[in-house]
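Here the structure comes first, spelled out in structure tokens, and everything after it is commentary.
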Amino acid sequence: QVELEESGGGLVQPGGSLRLFCAGSLRIFRTYPMHWYRQAPGEQRKLVAGITSGGVTEYADSVKGRFTIKRDNPRTVMYLQMNNLESENTAVYYCRAQRDTEELWGQGTQVTVSS
């Protein structure tokens, strides 16, 4: 059973914007902290941003001021607004929910920043 599903990736030029979406089940959005991770070819998966069920956020230094994470718990959707994209942001982006010993991942969505 798929409990997290990303969408919104695509091809964008440097300096452009994209909004990623992560849809999930109500049981996750009620209480689970959630995160966006990225994985570029040949690299480990890295944290991009996180948000608690109450809306407290954190960001990787490289995206502060350019990316914004939000969640709409009643609609069970998490967003990642990405502005002023750079070629270095090219990666597969994953959403993650984790609480206690349970860890859930989506299947990922590809973001390519290229002219």
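The values are calculated or read from the model by the stated rules, or taken from the named source; none is laboratory data. Small disclaimer: the values here were computed from a predicted structure and weren't measured. Reconstructed Cβ throughout: ideal geometry from the backbone, glycine too, with neighbour counts over all protein chains shown. Side chains are part of the model used for accessible areas, which takes the heavy atoms of the whole protein and leaves out ligands, DNA and RNA. Shrake-Rupley method; radii C 1.70, N 1.55, O 1.52, S 1.80 Å.
How many Å² of accessible area per residue for the range 49-91, probe 1.4 Å?
The answer is 51 Å² per residue.
Could you order the peptides 50-58, 35-43 from most to least packed, using the average number of other C-beta atoms within 10 Å per residue?
Final packing ranking: 35-43, 50-58.
For the range 1-69, max minus min Cα coordinate along each principal axis, in Å, sorted largest first?
Its Cα atoms span 37, 27, 24 Å along the three principal axes.
Remind me, relative contact order of the chain in percent, using alpha carbon pairs under 8 angstrom and six or more residues apart?
37 percent.
Taking θ as phi - 60°, what are the ³J(HN,Hα) couplings along the range 64-79 by the Karplus curve (6.51, -1.76, 1.60), each to the nearest whole Hz, with x for Gly and Pro?
With coefficients 6.51, -1.76 and 1.60, one gets 4, x, 10, 10, 9, 9, 9, 9, 10, 5, x, 8, 6, 9, 10, 10 Hz.
Taking H placed 1.01 Å from N in the peptide plane, check which residues at least 5 places from Val77 or on another chain put their amide H under 5 Å from its amide H.
Close amide H contacts, sequence-distant or interchain: Asp72.
Show me, for the range 94-109, the HN-Hα J-couplings you get by feeding each phi into the Karplus relation (A = 6.51, B = -1.76, C = 1.60, θ = phi - 60°), rounded to Hz, glycine and proline as x.
My calculation for the range 94-109 gives 10, 9, 9, 10, 8, 8, 6, 9, 9, 10, 10, 10, x, 8, x, 9 Hz in order.
Can you give the three extents of the C-alpha atoms in the chain along their principal axes, from longest to shortest, in whole Å?
40, 26, 22
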